[in-house]
Amino acid sequence: MSGETVFEKSRPGRQTRYISPRAELPASYREVPEDLLRAAPPSLPELTEAEVVRHYTNLARMNWGVDVGFYPLGSCTMKYNPRLAEQIASWPEFSAAHPLRPARAAQGWLRALYETERMLSELCGMARFTLQPSAGAQGELCGMLMVRKYHRDRGDSRNIVIVPDSAHGTNPATCSLAGFQVKVCPSGPDGLVDISALKEMLDDQVAGIMLTNPNTLGLFEREIQTICDLVHEAGGLAYYDGANFNALVGRFRPGDMGFDVVHLNLHKTFGTPHGGGGPGSGPVGVVEKLEPFLPTPLVRKGAEGFEYDYDRPHSIGRLHAFGGNALVVLRAYVYLRLLGSEGLREVSGSAVLAANYLKHRLEKAYQPSHAGRCMHEFVLSAAPQKKKRGVRALDIGKRLIDLGFHPPTVYFPLTVPEALMIEPTETENLETLDAFVEAMLQIAREAEENPDLLHEAPRHTPVGRLDEVRAAKELDIRRRPNKEDE
Ligand SMILES: Cc1ncc(COP(=O)(O)O)c(C=O)c1O
């Protein structure tokens, strides 16, 4: 495929005869007053329909996604998501329903939202959930704003939140955004929260703790009950970052351990893929004492059916219009109903088994961050390869692309040098896991025998090494074909 853009492929006057854009314009468009019309037509590319279809089909084929192959991107739970949920979410009864319809004309939608909330509450041991936040990070903000309001409404000015160094990066950012001061709690040599350090940090200024569990090393916080108890004794609240719930769903309820707030990433565990620029959903669950602070509206069951509840005087307000990214919530509803409680237990069991299988097979060739069992993901370090042959985690990730796999997450968590964070998920078969192991073992041999091969990877892609820092920091994806369009 040529690397030309549609603008470069464009030829003046080229078009498909049977398409007449003017005739397709709805009447309302033709009624735009003359003085509001642009002086010159936009310089759109001119191509035939076939050229357009081929251009975009070929571009789509260059994409890597969960529907194409293995995607072991740690901390992202890139698993296969059932088509049935997609199909139901595309039904016009759901996708074309106007959000301002009166509740009596939206009973099906409201029921789906209400029942999803009930199921998530049951799975997490929480009193209620809001479905509004549109990502995990926004869920965190929602949760921490409620923590803040809880303390302030009691006349308490506590302002410190403890965040372990093994937390997801969004946790400290969220605390700052919610107006708290962050204090980082170190991990012990086992990768878990250092309880004696935590004890020393607790005082009457601590508003709470934000705990990612399993943490970013893929480890379950064994002292989780003690952590919760200690924070509560100091008058703080305990926040559970449940974005990694794929490891625990159906087996563990944060509420049973004493957590006060929890967020989930529906776009990881419950039927929608993470990333890719699509919408997400980060519902937040709370225990009874925080219920009044939930964003408004909630859906409740009234005498005449389901209805929106706006009468919430202590609410932190709104985070999103209507029911949040409701089609993502609907996918989660279908997913939960499809799997049931037994199916969900199998999800977490298989996700953890797959990760332990990979870890066990790879830890002779790569240094694991921690010995022993992991949860749904694990972290390897390429530090020995870097020291011996100058091969970095980045080189290993790039070489995997040549061998037909999406790279794992690299350089995260920050506590592990040359980190490679691998999350296989439950939806891969044994053959795929074995093929990935073979590729990783081949790369380990190549690192010894021919490190330059890895430094130059990927070799079989349309483009090789990109300036990723510049791409991230100077994002400019707008093409300006003509001066007048600038
Ligand atoms: C543990 C954890 N917390 C929070 C987040 C943030 O979620 P989002 O990317 O939807 O904002 C993620 C993202 O994957 C995560 O893994």
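The values are calculated or read from the model by the stated rules, or taken from the named source; none is laboratory data. It should be emphasised that the depicted structure is a prediction, and the values quoted were computed from it without experimental measurement. Positions of Cβ are generated from backbone atoms using ideal geometry, with glycine treated the same way; all protein chains shown enter the neighbour counts.
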>> What pairs come out if I take residues in the stretch 135-155 that are under 18 Å from VAL287 (Cβ atoms) and within 12 Å of the ligand (Cβ to nearest atom) and pair them with residues that are of a type in the set (Val, Ile, Thr) and assigned to a loop (DSSP other than H, G, I, E, B) whose C-beta lies under 9 Å away, six or more apart or interchain?
In response: CYS142/ILE316
> What pairs can you find where one residue is in the stretch 205-234 and farther than 18 Å from ASN171 by Cβ, the other is within 16 Å of the ligand (Cβ to nearest atom), and their Cβ atoms are less than 8 Å apart, with a gap of 6+ or different chains?
Replying inline: ARG222/LEU192; GLU223/LEU192; GLU223/VAL193; HIS232/ALA238
>> Step by step: first the residues of the stretch 228-243, then only those that are within 18 Å of ARG152 (Cα to Cα) and buried (at least 24 other Cβ atoms within 10 Å of the Cβ), then the one that is nearest to the ligand (Cβ to nearest atom). Which residue is that?
In response: TYR239
>> Consider the stretch 80-94. How many of its residues are within 13 Å of GLY271 (Cβ to Cβ) and out of contact with any Leu (no Cβ under 8 Å at 6 or more places or on another chain)?
In response: 5
> Of (1) in a loop (DSSP other than H, G, I, E, B); (2) in contact with a helix residue (DSSP H, G or I) (Cβ under 8 Å, 6 or more places away or on another chain); (3) of a type in the set (Asp, Glu), ASP67 satisfies all except one. Which?
Replying inline: (2)
> Taking HIS455, is it more than 30 Å from ALA167 (Cα to Cα), at pLDDT below 95 and in contact with a helix residue (DSSP H, G or I) (Cβ under 8 Å, 6 or more places away or on another chain)?
Replying inline: no
>> Restricting to the stretch 254-268, and then to whatever is over 9 Å from the mean Cα position of the chain (by Cα) and either within 11 Å of the ligand (Cβ to nearest atom) or in a helix (DSSP H, G or I) (or both), can you tell me which residue is farthest from GLY236 (Cα to Cα)?
In response: LEU264
>> Looking at the stretch 400-450 only, could you name the residues that are part of a helix (DSSP H, G or I) and acidic (Asp, Glu)?
In response: ASP402, GLU431, ASP434, GLU438, GLU446, GLU448, GLU449
